[in-house]
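Down below is the structure, laid out as structure tokens.
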């Protein structure tokens, strides 16, 4: 069974399919782009269809998809995947990743592990060193027990379990520190739509319990560690420590406070990831479109997920003027959607 989510215009199709993990658990996965596979395990709770509606997520993935076939999947219990057979653990998530990679029938893949998925990706690379060509660990850590104090962990779990509405907002503030109020509200809503409070607590507990400290010295895959210096979810010191423990790993420090790579300066993350994978910018067909300074300003706000009304308020112009700018940008870039504008901005970082 295949579902195709098409953004319209010239965007590549986001195709959702299904494979089976151990114990018959159904795993939903999606692919977009072309070239060697870049597998991106779920960093947190996920829902492929809902995530693809987010312009920031789409822009980030589409920028990578110009050079790689990007594969994302929903972990069991989340989104379109079936439920866990028992409680999820780090090793259980490694087995899910194994099932997805086995399904691809590829000799080797690249991995982009974000947040908790960095630990999953590193554990997979240790178990299957010949199956991973290159690995990027973004916003990761070696020991989840060091992410926060026991008191903070208990308070967070209690809030999410008893007050998922408030808890989802707290998590949005932490994960999306540099985002606007509307972006945080949208992400909080996404979390509530994707999973129940109980499952969200289980995912947080897995984050705090996950540890790969005893495996890092066996990582043989060329590894890039990316971390934002002001990351509010996973402290920068944990990313620096992670890089120090992996043989020959390279640490690249990025600016910003948002935890997820598609929030904030996503273009810097894309450049670093593609550079490590050995992928350059695509060859341009014809001259690069030229935008006016105001159009570049508007394009950047579109890439941040702002509506025409929000752009108008930010720039002190009328909403109809903001709409006109967006339409002229679409015409100049020869695209048909706001997501395509965001993708163009992420690629070129004007």
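The values are calculated or read from the model by the stated rules, or taken from the named source; none is laboratory data. Computed from a predicted structure; not experimentally measured. Methodologically, a virtual Cβ is constructed for each residue, glycine included, from the backbone with ideal geometry; neighbour enumeration extends over all protein chains shown.
Listed values, structure above:
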item	result
Some residue of segment 318-339 being at pLDDT 90 or above, more than 22 Å from residue 54 (Cβ to Cβ) and surrounded by fewer than 16 Cβ atoms within 10 Å (Cβ to Cβ)	no
Hits in segment 207-226 - residues which are touching a strand residue (DSSP E or B) at 6+ places or on another chain (Cβ under 6 Å) and not in a loop (DSSP other than H, G, I, E, B)	211, 223, 224, 225, 226
Residue 212 buried (at least 16 other Cβ atoms within 10 Å of the Cβ) and modelled with pLDDT of 95 or more	yes
Output for segment 126-141, where each listed residue is crowded, with 24+ Cβ neighbours inside 10 Å and either over 21 Å from residue 211 (Cα atoms) or in contact with a strand residue (DSSP E or B) (Cβ under 8 Å, 6 or more places away or on another chain) (or both)	132, 135, 136, 137, 138, 139, 140
Selection from segment 85-109 of residues that are outside any helix (DSSP H, G or I) and either surrounded by fewer than 19 Cβ atoms within 10 Å (Cβ to Cβ) or modelled with pLDDT of 95 or more (or both)	85, 86, 87, 89, 105, 106, 107, 108, 109
Lone qualifier among 112, 62 - being under 15 Å from the mean Cα position of the chain (by Cα), part of a strand (DSSP E or B) and either free of Cβ contacts under 8 Å to residues at least 12 places away in the same chain or more than 16 Å from residue 27 (Cβ to Cβ) (or both)	112
Any hit, segment 186-206, residues being part of a loop (DSSP other than H, G, I, E, B) and closer than 30 Å to residue 265 by Cβ	yes
